[in-house]
Amino acid sequence: MMSEDKIVACETCGLVQELGVVPARQGAFCARCSSAFPRQKGDSRNRTAALALAALFLYVPANIYPIMIMEYLGRHSENTVWGGVKALCTDHMWYVAIIVFAASILIPLLKLLGLFFLVSNRGQRWQKLRTWVYKVICKIGPWAMLDVFLLAILVALIRFGRFATVIPGPGIVAFTSVVVLTMLASASFDPSVIWKEDKS
């Protein structure tokens, strides 16, 4: 009889088969279609926690420090993420303001809180809730990207290139780091640990 812990289903052809112990730096392949099985991520919880904690430390400066510094007709202005949201609301661009707020402030924070929930709770009591949180993180992940800000900076450079000097501020480095670290933290988490009995 096959051990339950070693039964795996191929994501390509659906064949259910027994998977033995896979040595380090080696892979396992489906017996029918030769598709590679995903490798188990070792020490997933600690690595995810470390990356999420680093992203959390950078989250505050990413939203406080200016992401863009502009000299326009002799006037100096520094634009933060929150300042950009308020400026869009002042110009009655509500939909754009909501997208920028969600993509740059709300979603990264929710992802970080979700990741901390995944790595800090253990045991069978939270398995279904943790699985749901992981699925939500995977769904909202694409929204926490740099597209909005890269587009905004590009438009500013094209529109004001002859009349203004636009340079990235210190906040853009912190913001980019938050996005990258959050993506790495999400990718490093192994959802299979949620349903494995934790004897530690």
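Some notes on this structure:
- Scanning region 82-107 for residues that are buried (at least 17 other Cβ atoms within 10 Å of the Cβ) and over 23 Å from the mean Cα position of the chain (by Cα) returns a single hit, LEU88.
- A search for C-beta distances below 8 Å between a residue of region 167-191 that is among the aliphatic types (A, V, I, L, M) and any residue that is at pLDDT 80 or above and not in a helix (DSSP H, G or I), counting only pairs 6+ apart in sequence or on different chains, returns ALA174/TYR65.
- Single residue of region 1-39 satisfying the filter (open to solvent by 100 Å² or more (accessible area, probe 1.4 Å) and among the basic types (Lys, Arg)) that is modelled with the lowest pLDDT: ARG25
- Only one entry of LEU110, LEU115, LEU53 meets the criterion of being in contact with a Phe, Trp or Tyr (Cβ under 9 Å, 6 or more places away or on another chain), open to solvent by 50 Å² or more (accessible area, probe 1.4 Å), in a helix (DSSP H, G or I) and at pLDDT 80 or above, and that entry is LEU53.
- Pairs with Cβ under 6 Å, 6+ apart, first in region 120-143 and among the aliphatic types (A, V, I, L, M), second modelled with pLDDT of 75 or more and surrounded by 15 or more Cβ atoms within 10 Å (Cβ to Cβ): VAL133/GLY114; VAL133/PHE117; ILE137/LYS111; ILE137/GLY114; ILE137/SER186; ILE140/ILE107
- Residue count for region 53-100 satisfying the condition of being farther than 19 Å from VAL173 by Cβ and touching a residue at least 24 places away in the same chain (Cβ under 8 Å): 4.
The values are calculated or read from the model by the stated rules, or taken from the named source; none is laboratory data. Quick caveat: nothing in here was measured; it's all calculated off a predicted structure. Positions of Cβ are backbone-derived with ideal geometry, glycine not excepted, and every protein chain shown enters the neighbour counts. Protein only, heavy atoms only, side chains kept; ligands, DNA and RNA dropped before computing areas. Shrake-Rupley method; radii C 1.70, N 1.55, O 1.52, S 1.80 Å.
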